[in-house]
Every structure is written in structure tokens, then in C-alpha cells.
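Just below is one structure, and these are the notes that go with it.
The values are calculated or read from the model by the stated rules, or taken from the named source; none is laboratory data. Note that this is a predicted model, so its numbers are computed, not measured. Reconstructed Cβ throughout: ideal geometry from the backbone, glycine too, with neighbour counts over all protein chains shown. Side chains are part of the model used for accessible areas, which takes the heavy atoms of the whole protein and leaves out ligands, DNA and RNA. Shrake-Rupley method; radii C 1.70, N 1.55, O 1.52, S 1.80 Å.
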Amino acid sequence: MLQLIARRLSVSVLLILLISFLTFVLQSLAPGDVAKTILNSGSGQLGGGYTDEQYQELRRALGLDQPLLVQYWDWLSHAIRGDLGVSPVSGVDVTSAISSRLPVTVSLVVLGTVVTAALGIGLGMISAVRGGRLGRVVDVFSVIGFALPNFWLALLLVALFAVSLGMLPATGYVPIDVSPAEWARSLILPIATLSLSATASFAKQTRDSMLDTLSRDFVRMLRANGASEASIVFRHGLRNAAIPVVTLVGLLFIGLFSGAVFIESVFALPGMGRLAVQATEQHDLPVVQGVVVVLTLVVVVTNLAVDLVYGWLNPKVRVS
Amino acid sequence: MTASGLLEIQDLRVEFAGRRRHDAGVLAADGVSLRIDDAETLGLVGESGSGKSTIGNAVLGLVKPAAGRILFRGQDVTHATTRERRRLGQHIQVVFQDPYSSLNPSRTIGQTLGEQLRLVRGLDRRTTRIHVENVLRQVGMPADTMSRYPAEFSGGQRQRIAIARALVMEPDLVICDEPTSALDLSVQAQILNLLLDLQARLGLGYLFISHDIDVVRHMSHRVAVLLHGRVVEQGPAEGVTRHPDHEYTRTLVAAVPSVDVAAEAPPNGRAPHRNEQGEA
Amino acid sequence: MTAVASQDLAAPSSDEPPGGNSRPAVSRTPTWRRLLRRPLAVISLAYLVLLVLAAVFADVVAPYDPADLDLDHVLSGPSAGHLLGTDPLGRDVLSRLIHGGQVSLVNGGVAALTFVMVGVATGLVAGFFGGWTDRVFTWAVDVVIAIPGLIVLLVVLTVFGGNMTVAMAALGILSAPGFARVVRGVTLGVRQELYISAAKVSGLPTRHILLRHVLPRVTGPILVQASLFFGAALLVDAGLAYLGFGVQPPTPTWGGMIIEAASVISQQPWLLVPPGITLALATLSFALLGDAIRDTSAERTGRQSGNARRRSAARRAELPRPAGAPDPAALLSVRGLTVSLPTSGGTADVVADVDLDVRPGETVGLVGESGCGKSITASALLGLLPAGGEIRTGRVQLGDVDLTTAGKSLLRSVRGSRIALISQEPVASLDPVFTAGQQVDELVRRHHGGSRQAVRARTLELLTSVRLRDPESVARRYPHELSGGMAQRVAIAMALAGEPDLLVADEPTTALDVTVQAEILRLLQSIQAERGMAVLLITHDWGVVAQVCQRAYVMYAGHVVESAPVAAMIDQPLHPYSAGLLASMPGRGRPGHHLASIPGTVPAPADWPAGCHFAPRCALATEDCAAPVPLSEPAPGRLSRCVHHDRLIEGATA
């Protein structure tokens, strides 16, 4: 087990290096560069109101004239110390820009995961044990949940609950330290959107895993020899079914980060997704780079956590 | 050394790498020497993990031996190349245990049986067809079998088809790897009878691998008993299976529950436990 | 290498009937034709074809030019002139929708194509060749899967100046690893199939093996995943358009139409509907199509083709006669037990009119081949029939309880304490996530209660009583750390926890090596002698019956065809099936000579004849056998379901 974690960690470090470097390379290939973006936006004139000299000077100042590897090394040595550089477009410190956006996205994704997983596992368990109509409802909604574009669903919810009924704010975000109640209200629709599309399919997968467990030989053996039904479902069934479900929770969590990009746009939430979209539009390399690295870190840590829980639940992995 | 027979295995050694780097490899075959003559059946008997299937797979080129030699008609085929294998495939064939896994479910029987003829022998469509129909007849399957898929047949029928696939290339030696272990008793008898008939008619040599001593005795001229990759005893079938010399063979033979024990006992009485002495 | 365990018996339900003789041609129909028999698949396909055709012929089909402004009819809502209404600039929504499909469908196609090519190529190679290719593959998949895909897409979009084709290809690559893993898994499975080994033995070229043997098996998963992914790619495409990337206005796209609708959400929320629904239905169609393909290909490659038996409509065996009275001296007395199970064509009786008695302390064998109903009978006794299974008639009297009418709670209190079970796959019959000790503990606690220490002490006692050498260490181990023999001993300890009067042993040694089998059989005998427990032993092995049973019942195609004391039955069977089975044992034949064999195979329940079930395979059959044959008593203590049993005796003496 320790060996597994060590291997995972080493792969993770390599992974982060690789991905950050790849984004570096990709960005350097971009036709427009940051220097041009700054000059264009700074002068505010049409038709490129800057001289080539100005341009070259800015490139030198930004370090863009250096070889790619040097630029990367420069970035990396700062990044390790938690300094992701300064956005040349807005002049904002990238680390602080990200850390101010991170809580929004994290609260959205964590709450979305919790709500989805709790509802999904509950529904899945019930439909596995009770079966019948609920099972078919879960089946149908899991396909529908897959098919509905979540930003569209978000707009529908806005049209209904915010525009028509006026029950909830259509857009915007209130930090929790300003007003917990408003914070909650501002997150209800975004989280509802995320959960609506994912819950049914999560329930379906939980149910399948549960049904698979309940059809195994040892369940028949336990039943035949007098184990109680509660123990079969909650002790044996849940423990065994939990093994694949843990992997699902990990995938869900990672998947919701992608979903959040759209949701943040619809609800105008100041999160990482919006930051990334804006930065991409502006060729803001350090910001994009920072977002990519932070998100990769989130993915890596999540996978590691999944591995740990997986090993803890599954004795076969734990022992070997 | 005398003229070598159909197949000769000399000091065969097969290792399987351990699962992790530090594990020692597992010895699946360790200094195994065997010999099969034309139209002869050598039975290979042992429990799970004894390495009996590994020996068959080594002959078939499906596992790589670490040491030793495999001679087919006196020619060393231990490390045959793919090209040599193609030629060897016309002499050495195989019937596996699992009649479900041994036929590709998405190909018709005709395709499965004909592909070797067309690709390896380069026969045309018509000749292939005649040839395949002929072989199917030999194993007791109707000609319309060709256009059907494996899912349409029972386990016993599939095993007949698997035997037909082996015979299509007109081999001299067939490795029978537990060919009836997946079959019911009444179907097993049909397949064993078929294998005996084919041997008598075509002069096939069999390497007959099984965990069932009774089946091996019934089918084999000579028998080799395997334990942990080693041959512990080898000799004429009746001798080895009825009056074993080696301790392990005795245990193995004694462990097989026999029906005739009960028949000798008085009706209604409890059958005597012939294995009582083996408890220690 | 695994020596034992016959295929049929190793299956979870050992009584699944093996295939009948020749099957109808249903499973020969190509997959796509069977796909077209599914209404949902047809509707989905039709919708998608419609979308594609509309997009291709957009200039002809669309009622208006998508860029035509009609400022007099802005935000009109559905009307006769504009079926789906107009947008804020008065452009016709339907026309824009039709033109929008051009961009979206091409983008989805690019993504799906990349996805399939990358996934199939890498998965197939890694799975088939293994070794270092597989290690590189696994590593690469680990890396790519951890990439935050959507953000990287944004990067790609900027780099390539909003070029959606490149972005969609990137989406295909970024999403491919999960799919490649599936392909690799399937390929790995196929590579281990014996027909691949057989092809290698014949020297077939690797290219041929890959293309003709491996690829067709992978096609199902490929089509399923490609279809699902196409749907997902449409969503991403629209999403990116919504975020403002890709094709810029005024060119219509579905995502673009949604963003336009969002800006007037308070004036005309209707505008959200057409693009959203069009998109959702397209994705839904791809998902449903994927599901349908999955189901159809499962049908085709399933070991037991589900369709094959459809031709014989559900039929039930002859009306069971009224059940006789149970034997008061017996511990277990079964009368007229008839069990039906669901089959593809309805339900069929798989156990018919079974009478069976087990007296206290007695060991009784239930013998027969797979498909004869032995294991289903055992399941019925324990009230554990598979889903849809039903005891149609009959009584199962265990002491003073009729198990067929007992309520759930009564049944639960009987299980374990009066009747218990051990089964075929010892390791699989233990829960993999609990230690052996925890599992025995649970049943001890359930049946006796007591403190933690008392329970554990009793557990160790039980583990000692099943002759485990080091019970404390075994108690701490997980099932995968036990050998088959040890696991079966633990299972026996679990069964003994409630001190049952009757142990049902369902093929308890079939999966074990013969030396281990001998140990387990000896253990069963000694435990039985110590406790005076009765055993109902279900097996296909006459040797096992001869060794441990006093009496035996032979089952054939759902019927008990003979019952007798074991020694007498082996000496002189009184049913042609028992006689045939005994004669086909290799141990009883003359080595190198033909064994007496029974022609044909056990028929599927739907194909059972109305009269004697064995008649079609029987050498003694006459027209008398066409009518239902009752059990008769040709000799004291012996029963036979054969009208010609006397000819068996003549045959034996002649």
C-alpha cells in the first residue's frame, strides 16, 4: 500500500511538470502573444498603435525573448515557492487571483459532489433493494441527465425560479463571511443544476454496483445460513458496493470542475472557471498556466484520496 | 539415443515471472522429460498448479521454455519462429478444456475451421468448403454446421467442433488439454469415444492432459504423474494408476472416490471409508 | 492450470440448462438488423438521420435565410409564419436551427472520429501485445486522465485562434484514454480466450488474428462508446459556443442560439426551448442508440443466446398431481415440489413433482447432470430461488414447519438454525471484505448472541472443529488469502454456527482438487457423526455419492427418476438414465474401448416432452413412454419413474 502511494505521488509530480510544460509550449505557439494583447488593450486605438520597438521592449521586459526552457524554468522555480507570477494584462498577482476565486469554485464543486453523491447513493440503494418502478425511473433520468446541456438547464432554472417566480437570485455570489444566508441562496441554483444532471446516473451506477454485490455467492451463503437482511444489505452489501462507488465519487468530483466552468458563466460566479475563460480570451499566459496547474493538483490529490479510500475498503489492495 | 518418436520432451523447464519484481519466479515445469510415439496416447495427470497445462502450452509454443528441448519427429522446435510455427501447425494441434472460450462467438463455424486452410495452406474457397464438411462429418456434425455460430451449439457439440478444428490440418499429434472437464458425464463419454475412434482411424498421437485419473487411465497407453512441475512417476497406464510406486500417486489414486466401494457394501449399510488411513 | 471445476458447474447457477440440439437461426441475423427491431433505437436513429439530412440540405429545407432580419416580427414566439418563432433580430428560429446543425454535427463528428481512432489504436495495441507497450500505455492514460480537459480545451482554442475543428480533435484525444482503457480491457480478455491460442497454434498471421478475431469482439464497445461520446461532444461544442468560442455570430450555432436566448430570458424565455431541446434530443438519441447497441451485441455474443429458445413459447409441465402426505419420520419431507423460473420466452417449470425425504442424521445424495434441476431444488428448500423463480405447488416440510407457506421471518429463523448451506465455490462464498473470523462471528452472534469474547471463543471453537490447523490465524485472514480447501472449511464453520439439523451441500467439492475433496468429504462425515446432522449432498459425481451417501435420488430434466439405497442403485439401477450414467463412467469402462454413452444432451426445460422426459434419449423407449410416467416401487425402498424398469434387470442378467 505504501509502495502504491509512493508510486502514485511520483507519477503525480511528473504529471504536474508535464502538464504545466505542455501548456507553456502550447501558449508559445499561439499567434497572438501577451505583449500584443497588452499593447492593443493599453492604447485602446484601432489598427495597432504601437511601434515594433515598443513591442520588442515589452517582450524583453516580460521575458518572452528568452528560450522556452528558460522561461519555463523561471516560472517553475517561482511556482514551487507558491508564486505563480503576475498577470501582465491586469497586473494582478496570479496566486492571489486564484486563491480569491478558489473558494467559490470549491464550495460549488464540493457541495455539488456531496448533494449528488448523497442523493445518488440513497436512491441507488433504495432502488437496488426495492427494485421495480423506482429502478426504471432512475434509468430514464440517468439518460436524460446525460443528455441535457447543463448550462441550458441552468438557464431554464433561472427563467423559472429567478425570472418568473423571483424566489432566488439569478446571478451573482455573496461570500460566506458577508452573509451565510445569502451565500447559500446564491449557490442553490448552481448546485441544483450540477446535481440534477448527475444524480440519476450516479444512482444508477450505485444501484448496479449494489445489485452486482447482492447477486454474488457469498450473499446467498449468508442468507442461507441465517444472516439478517439488514446485515446483508448494510454491512456486506454496502461495504462491497462502496468499493466501485468511491471511484465514482472521485470521477464525479473531477467532472464537476469542468461543469463549473459553464455554471459559473451562467450565474456570473467569480470562480476559477470564469477566470480561466477570461484569461484565455486575453492570452493571459500566467493566469491560464496557474489555473491549469491548480486544477491538475486538485485532480491528482483527488485520485490519491480515492486510492487511499479504495485500499482501505478493499483488503486485496491493502495487503498486497 | 534411439530414433526419436513423434514428440520428445527433454529436461523441459518453464518459469513464470513473479508478480512483483522481488518474487522468485514460479517453476511451472522442472526437468520434465516425456516421449510420445505415433498413434500413442500419453496421459498427463496432476492437480491444479502441477504444471500439466504448461507442458502442453510449451509444446504448442504458447509459453517459452527456460531450458530443455522439445523435439518433433527428431527436429528441435523448442524455439520455433512464427514461420516454423505455421508449418508446425499442420502437425501439432490442440483441443482445449473450455468449449465456450475455444470458439470465437462472432465467427461462423465455417470461418473458424476454414481460415487455417485458406491462410496457411492457401486453398481456394471451394476446396476449403469440401474439406471442412468432410472433417465435420468425421466428428459427427451435420454439414449445415458451417454456416452457424457457436452460440447455437451445446457444450458437447462445441467440443466436437473444436476437435474438428484440430483435425482440419490433418495433424499427427493433438494436445488434449482437459478436453472433457467442462462436460457432463454422458457427454464426456461421447467425446472420449470420438477421440478413441479418431485415433484408431487416423493414427493420431495424443498428449492427454487431465486431472481425472479414471479418464486418463481410460484414454492412455502410458501415464505421467506431475507434482509441482515434476514428473514423479511414469509408465504404462494400468500399472501407474492401479499399482502406483510413488507416494504421491498413491495418495492421488486413493483420494478418488470409487463407486464400486458402495456396490461391495451390504445394501442400506454405510459405505466403508476407504480413505480413513489417509487422514494422517 | 486449473484442473477441476467443469464449466457448467462453475457457473453461478449450476442448473442453467445447456444448449439444446440445434438452434434456430435467430442469432445469425446481423447486429444492425436486430438493432432495427428495437423501437427506441429506430426512433433515435431516425431523429439523427433527420438532423443530418436537414443540415446537409439546409439551403433547400430551411424556410428562410438564417441571416434574414425581420425587425417587424421580433421575438414573435411560434406562429404560422415562423413555426418556432423569431429571435431578437427577427430571424427565423427554425431556419437558424437547421443551419446551426451543420457546424455542430461536423464538430461532433470530428471529435468522435478522433476519439475512436486514438482509443481503438492504442487500446488494441496495448491490450494485445502487452509488455512494454502496455506499460507506456498505462502511464500515458494515467497522465492524460488527470488533465483538466475543459481548461486545456480553452488553451487549445486560444492557440489555434478559435478553430473548433482542432479543439474538437483535442477533445477527442483528451477523452480517449478512458475509452482506450475499455478497449484494452476487452482486448486483454479476448487475448486470453482459447480461440486466440488455437489460432496462434495454427500459425495464423498476427494481423489476421487482430482484424478478424479481436476487432469484431471490440466493435460492440467501440460503437457504444463512440455513440455516447458523439452525444457528449455535441454538448461540449454547444458549451464552448456558449462561452463565446468557435464560430462567431452571425453564423448560427446551437450554443450561440442559447446565448442569444439567455440575453432576452426575461422577455421571451421560449427562445431557450428550440435549441436546447434539439441539442438534448440529439444527445439523448446518441445515448439511447449506444444503449441499444450494447444490448444487441450482448445478445449476440452471450454464451447462451437468449433468443434461441424464444421459438418455444412458455409451456408448463403437466398439471402436478395433488401432493402426497409428508413422511412423519423424516426430518425433511418434500412432496410434489414444482418450481418455475423465468426464461426468455416466459416461465418454464424447471423442477417438476419432486418427492424427497431426508431422515435425521441421514446422508442423502441428489445426483444428476447440469440442467436437471438439482441446485434449483436446493435453492427452493432454502427459500432462495433466483429472482422470478416461484414454487408453483408442493410442500417442503422441515420438522413442523412447511417452508413453502412459511412467512419471511419464520423462514429466516429456520435458516442457519435448522437448515444450512455450503456451496460450490468456497472462496466466492465468503465476503471478500471481511476476515474469515468476522464472518463466522456474525453468524455465531446471530444464532447465540453473547459478548464479543464469547462470540470469538465460539468462532475459534468452530474453526477448530472443521480441522483448521491454526484457527486463530485463519480467523484473521481475508478470503483471498485462503486456499480453496481452507475456505470451504470456513464455510462449513459458518454453516455449523447455528447447529442446523440439516446441511444442504451443493456440489461442495466440485471446485476442489481430488486430494482436498477427500479431506472435505471426510470432514463432513466426521462432523455428521459427531453432531447427528443430516446432509443433503448435491453432486454430479457418483464416486462422491458412493463414498458418503446412504440413499440417493437421481434427477433428470426436472424429475426425480430413481431413488434407492446407494449400494443397491449402483449394483442394479432401475432407471435407464441412472444405468446410462453409471455405464458412462470412465472408471467402469474397459480402457481404450468405447464407453457406453447416452446419445444427445439434457434438453432445455421448454423442450421437455409431455411423457417420460428421458424417452427421446432412451434405448428402451416405446409408445408407452409418451404418457406421463409416475414413480413406481419395483422393490422395497426403491422408486423408479420408468415403465420398463423390469427390462433393465433382464438386460443385466442376460
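Among the conditions (1) touching a Gly at 6+ places or on another chain (Cβ under 7 Å); (2) more than 23 Å from C:LEU211 (Cα to Cα), the only one that C:HIS99 does not satisfy is (1). Between A:ALA305, A:ALA268, A:ALA260, A:ALA279, the distinction of being more than 10 Å from chain C (Cβ to nearest Cβ) and assigned to a helix (DSSP H, G or I) belongs to A:ALA305 only.
Restricting the stretch C:13-67 to residues that are in a helix (DSSP H, G or I) and modelled with pLDDT under 75 leaves a set whose member that is nearest to the chain's Cα centre (by Cα) is C:SER27.
Does B:ALA237 satisfy being open to solvent by less than 10 Å² (accessible area, probe 1.4 Å) and at pLDDT below 95? It is true that B:ALA237 is open to solvent by less than 10 Å² (accessible area, probe 1.4 Å) and at pLDDT below 95. Confirm whether A:VAL291 is out of contact with any Lys or Arg (no Cβ under 6 Å at 6 or more places or on another chain), facing another protein chain (nearest Cβ under 10 Å) and touching a residue at least 40 places away in the same chain (Cβ under 8 Å). When the stated conditions are applied, A:VAL291 passes them. Scanning the stretch C:527-544 for residues that are in contact with a helix residue (DSSP H, G or I) (Cβ under 8 Å, 6 or more places away or on another chain), facing another protein chain (nearest Cβ under 8 Å) and open to solvent by less than 50 Å² (accessible area, probe 1.4 Å) gives C:TRP542, C:GLY543, C:VAL544.
When the residues of the stretch B:1-28 are filtered to those that are modelled with pLDDT of 90 or more and crowded, with 18+ Cβ neighbours inside 10 Å, the one that is nearest to the other protein chains (Cβ to nearest Cβ) is B:VAL14.
Only residues that are under 14 Å from C:HIS644 (Cα atoms) and either among the aliphatic types (A, V, I, L, M) or in contact (Cβ under 8 Å) with a residue 40 or more places away in the chain (or both) were counted across the stretch C:579-612, and they come to 1.
Scanning the stretch C:276-298 for residues that are more than 10 Å from chain A (Cβ to nearest Cβ), of a type outside the set (S, T, N, Q) and within 18 Å of C:VAL49 (Cβ to Cβ) turns up C:LEU289, C:ALA292, C:ILE293. Taking the stretch B:81-140 as the range and being of a type in the set (Asp, Glu) and buried (at least 17 other Cβ atoms within 10 Å of the Cβ) as the test, the residues that pass are B:ASP98, B:GLU115, B:GLU133.
Every residue, every condition in (1) without any contact (Cβ under 8 Å) to a residue 12 or more places away in the chain; (2) under 21 Å from B:GLN90 (Cβ atoms); (3) over 13 Å from the mean Cα position of the chain (by Cα), yes or no:
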position: B:TYR149; (1), (2), (3): no, no, yes
position: B:ALA166; (1), (2), (3): no, yes, no
position: B:ASP177; (1), (2), (3): no, yes, no
position: B:SER186; (1), (2), (3): yes, no, yes
position: B:GLY205; (1), (2), (3): no, yes, no
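The helices (runs of 4 or more DSSP H) falling completely within the stretch C:126-237 that include 1 or more residues that are over 30 Å from C:GLY256 (Cα atoms) and either among the β-branched types (Val, Ile, Thr) or within 28 Å of the chain's Cα centre (by Cα) (or both) map to C:131-145, C:164-191, C:194-201.
Does C:GLY532 qualify as being within 34 Å of the chain's Cα centre (by Cα) and at pLDDT below 95? Judged against the criteria, C:GLY532 is not a match. Confirm whether A:SER99 is farther than 30 Å from A:VAL245 by Cα, surrounded by fewer than 15 Cβ atoms within 10 Å (Cβ to Cβ) and modelled with pLDDT of 75 or more. Judged against the criteria, A:SER99 is a match.
Does A:ALA170 count as farther than 24 Å from A:PHE253 by Cα and either at the interface with another protein chain (Cβ under 8 Å from one of its Cβ atoms) or touching a residue at least 12 places away in the same chain (Cβ under 8 Å) (or both)? Criteria met by A:ALA170. Quick one: C:ASP142 ticks every box in (1) within 11 Å of chain A (Cβ to nearest Cβ); (2) open to solvent by less than 20 Å² (accessible area, probe 1.4 Å); (3) among the charged types (D, E, K, R) bar one, so which box is it? Answer for C:ASP142: the failing condition is (2).
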